[in-house]
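Inspection log for the structure reproduced underneath, given as C-alpha cells.
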Amino acid sequence: MKKTIVFLGPPGAGKGTQAEKLKKAYGFVHISTGDILREAVSKGTQLGKIAKKYMDEGKLLPDDLIIGIIEEKLKELPDANIILDGFPRTVGQAEALDKLLEKLGRKLDAVILFDISDQEVIRRLSGRRIDPKTGKVYHIEFNPPPKDVDVIQREDDKEEVIKKRLSVYHSQTSPLIEYYKNQNKLFVVDASKSPEDVYKEITSVLKL
Ligand code: AP5
C-alpha cells in the first residue's frame with residue numbers, strides 16, 4: 001500500500017523544508033495546503049480571494065473548504081506516496097481525513113510532530129525569504145539567498161501575524177497531538193536541530 005504521512009507542527013517548524021527533501025530523495029508527492037492556497041491567491045481565483053483574507057490575518061480557512069481541496073488532490077493521486085504538510089490542522093479536519101483515507105483504500109502510516117519553541121519559530125519566520133520565481137525558500141541568517149536572486153517576504157511572516165498564527169496553532173492544531181497519540185501514529189522529532197539532522201531523524205522514524 002502507498003504511504004501517507006502527515007507533517008504536524010507550528011508554523012516555521014521546517015515542515016516544507018523537510019517535505020521537499022523527501023520529495024527529492026524518495027519521490028514523495030508533497031501536498032502543502034499553504035502552497036495550494038498561495039498559488040490560488042497569486043492566480044486571483046475565487047478560492048484565492050477567499051483565502052487571502054484568512055491568511056493575511058493568520059487565521060485558518062473553514063474546514064469544509066480545505067477538506068474539499070484535499071479530497072480532490074488525493075483522488076488525483078491514487079498511486080503516490082504522499083506527505084500532507086499543513087493538513088490536518090483541526091480535529092474536524094483530522095476526522096475527515098480518517099474517513100477520506102478509508103474511502104480511498106489508504107491508511108495513515110505516521111504523523112511526524114515537529115517539536116520546536118515559539119521563540120525559535122519567530123526567529124525562523126521573520127528571517128524567511130522566498131524566491132517568487134522558483135518558490136525556493138531561504139533564510140537570511142541560516143540559508144541566505146544568492147546575491148542575484150530577488151527574494152520576497154510572505155505577508156504572513158510579519159511579526160504580528162506570526163504571533164497570531166502561533167496562537168491559532170496552540171488553540172486549534174495542538175489538540176491533534178493527543179488525537180494521533182491515541183491512534184499510536186505520533187512520532188516526535190526535534191525540529192530545532194539543523195535541517196540535515198532533522199532529516200536524519202525523519203528518515204529513521206519512517207524507516208527509509
Ligand atoms: P502554511 O503555508 O501551511 O504555513 P505554516 O504551517 O504556518 O507553515 P510554514 O510554511 O510557515 O512553515 P514550515 O513549517 O513549512 O517551515 P519552512 O520549511 O518554510 O499555511 C499558511 C496559511 O494558510 C495558514 O495560516 C492558513 O491561513 C492557511 N491554511 C493552510 N493550511 C490550512 C488548513 N489545513 N486549514 C485551514 N487553513 C489553512 O521553514 C521556515 C524557515 O526556517 C525557512 O526560512 C527555512 O529556510 C528555515 N529552516 C527550516 N528548517 C530549518 C532548520 N532545521 N534550521 C534552521 N532554519 C530552518
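The values are calculated or read from the model by the stated rules, or taken from the named source; none is laboratory data. All values reported here derive from a predicted model rather than from experimental measurement. Every residue, glycine as well, gets a Cβ built from its backbone with ideal geometry; the counts of neighbours run over all protein chains shown. Accessible surface areas use protein heavy atoms only, side chains included; no ligands, DNA or RNA. Shrake-Rupley method; radii C 1.70, N 1.55, O 1.52, S 1.80 Å.
The test for being away from the ligand (no atom under 14 Å from the Cβ), touching a residue at least 24 places away in the same chain (Cβ under 8 Å), part of a loop (DSSP other than H, G, I, E, B) and crowded, with 16+ Cβ neighbours inside 10 Å does not hold for residue 208.
Filter the stretch 14-73 down to the residues that are part of a helix (DSSP H, G or I) and among the aromatic types (Phe, Trp, Tyr), then identify the one that is most open to solvent (accessible area, probe 1.4 Å). Spell out the reasoning first.
Step one: filter the stretch 14-73 for residues part of a helix (DSSP H, G or I), giving 15-26, 33-43, 46-56, 63-73.
If we keep only those that are among the aromatic types (Phe, Trp, Tyr) as well, we get 26, 54.
On the way: 26: 100, 54: 72 Å².
Looking at the filtered set, the residue picked out is 26.
Of the residues in the stretch 165-194, how many are within 10 Å of the ligand (Cβ to nearest atom), in contact (Cβ under 8 Å) with a residue 60 or more places away in the chain and loosely packed, with under 14 Cβ neighbours inside 10 Å? Number satisfying all stated conditions: 1.
Out of curiosity, is residue 112 more than 21 Å from residue 30 (Cα to Cα) and of a type in the set (A, V, I, L, M)? Talk me through it step by step, then tell me what you get.
Numbers: more than 21 Å from residue 30 (Cα to Cα): no; of a type in the set (A, V, I, L, M): yes.
No; evaluated as a whole, the condition is false for this residue.
Annotation note: of 95, 160, 155, the sole residue that is out of contact with any helix residue (DSSP H, G or I) (no Cβ under 9 Å at 6 or more places or on another chain) and either at pLDDT 95 or above or more than 8 Å from the ligand (Cβ to nearest atom) (or both) is 160. Taking the stretch 113-127 as the range and being open to solvent by 40 Å² or more (accessible area, probe 1.4 Å) and assigned to a strand (DSSP E or B) as the test, only 115 passes.
Does the stretch 39-62 contain at least one residue that is of a type in the set (Ser, Thr, Tyr), near the ligand (Cβ under 8 Å from one of its atoms), over 15 Å from the mean Cα position of the chain (by Cα) and over 28 Å from residue 190 (Cα atoms)? Checking the stretch 39-62: at least one residue is of a type in the set (Ser, Thr, Tyr), near the ligand (Cβ under 8 Å from one of its atoms), over 15 Å from the mean Cα position of the chain (by Cα) and over 28 Å from residue 190 (Cα atoms). Residues of the stretch 75-112 that are open to solvent by less than 30 Å² (accessible area, probe 1.4 Å), in a helix (DSSP H, G or I) and closer than 13 Å to residue 6 by Cα: 93, 94, 97, 101. Of everything listed in (1) more than 19 Å from residue 8 (Cβ to Cβ); (2) surrounded by 16 or more Cβ atoms within 10 Å (Cβ to Cβ); (3) within 18 Å of the chain's Cα centre (by Cα), the single unmet condition for residue 155 is (2).
Can you tell me how many residues in the stretch 46-84 are of a type in the set (Phe, Trp, Tyr) and under 12 Å from residue 36 (Cβ atoms)?
Looking only at the stretch 46-84, we keep the residues that are of a type in the set (Phe, Trp, Tyr), and these are 54.
Restricting the remaining residues to those that are under 12 Å from residue 36 (Cβ atoms) gives none.
Residues meeting the conditions: 0.
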